[in-house]
Amino acid sequence: MHSLDIYRYNDTINATLHHNIGMPRNTKAINQLPPATLGALQKLGADLAVSRLRRKESLRTWAKRLGVSLSTLQRLEAGDPAVSIGVVATALWLINRDGELGNLATPEHDLGALELNVREAVELGQARAQASADTRMRATTSSNSINPTTGKN
């Protein structure tokens, strides 16, 4: 087997194992999560565990209410980034905090896009100003030039 075939074979085996055993797959996206994001997920998981405990719910009962296995709930409470967003949303719904999900990525709070829009507007303004200056320069140049036929401006 060539090395490329071995990698494909290993990927197939890993995918099959993860699918059949129910183990989460470590995707490239999960492996590239910034430390601050991982920390936020761990805090969210810990906060969800506290919410469960304050309600005096056992792991087993809470997992049943979420519709997940006990191990998935434990992974959720540990802040595992491979837990599905649907499970996270259901957990937030159980503690009456799902209402904010719709606001997490609203365009008006997307600072990166807002900054990009400002930069684009500035660049557009500069381009328009340059175009106006070029037009004025051409108009001035053409009005100051001498007509070769008449010898006049």
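Can you find even one residue in segment 70-79 that is in contact with a Lys or Arg (Cβ under 8 Å, 6 or more places away or on another chain) and part of a helix (DSSP H, G or I)? So that I can check it myself, show each step before the final result.
Our first condition is that a residue be in contact with a Lys or Arg (Cβ under 8 Å, 6 or more places away or on another chain); within segment 70-79, this holds for 70, 77, 79.
With part of a helix (DSSP H, G or I) added as a condition, the list becomes 70, 77.
Checking segment 70-79: at least one residue is in contact with a Lys or Arg (Cβ under 8 Å, 6 or more places away or on another chain) and part of a helix (DSSP H, G or I).
Give the residues of segment 44-94 that are of a type in the set (Gly, Ala, Ser) and on the phi > 0 side of the Ramachandran plot, sorted by residue number.
Filtering segment 44-94 down to residues of a type in the set (Gly, Ala, Ser) leaves 45-46, 49, 51, 58, 63, 67, 69, 71, 78-79, 82, 84, 86, 89, 91.
Once the filter is applied, which keeps residues that are of a type in the set (Gly, Ala, Ser) and on the phi > 0 side of the Ramachandran plot, segment 44-94 yields GLY67, GLY79.
Against the definition (surrounded by 10 or more Cβ atoms within 10 Å (Cβ to Cβ) and more than 30 Å from THR72 (Cα to Cα)), how does ASP110 come out, yes or no?
yes
Hey, can you tell me all the residues within segment 43-94 that are among the basic types (Lys, Arg) and over 27 Å from ASN31 (Cα atoms)? Outline the logic, then answer.
Keep residues of segment 43-94 that are among the basic types (Lys, Arg), which gives 43, 52, 54-56, 60, 64-65, 75.
ARG52, ARG54, ARG55, LYS56, ARG60, LYS64, ARG65, listed by residue number.
How many residues does segment 87-102 contain that are closer than 16 Å to TRP62 by Cβ and not in a loop (DSSP other than H, G, I, E, B)? Can you show your working first?
As a first pass, look at segment 87-102 and keep what is closer than 16 Å to TRP62 by Cβ: 87-98.
This time we only want the ones that are not in a loop (DSSP other than H, G, I, E, B), so: 87-94, 98.
Going through segment 87-102 one residue at a time, the tally reaches 9.
Could you list, in sequence order, all residues of segment 40-77 that are within 21 Å of the chain's Cα centre (by Cα) and free of Cβ contacts under 8 Å to residues at least 40 places away in the same chain?
ALA40, GLN42, LYS43, GLY45, LEU76
Laboratory data are not the source of any read-out in this text; all were calculated from the coordinates shown. Being a predicted model, the structure only gives us computed values, none of them experimental. Counting neighbours? That spans all protein chains shown, and the Cβs are built from the backbone with ideal geometry, glycine included.
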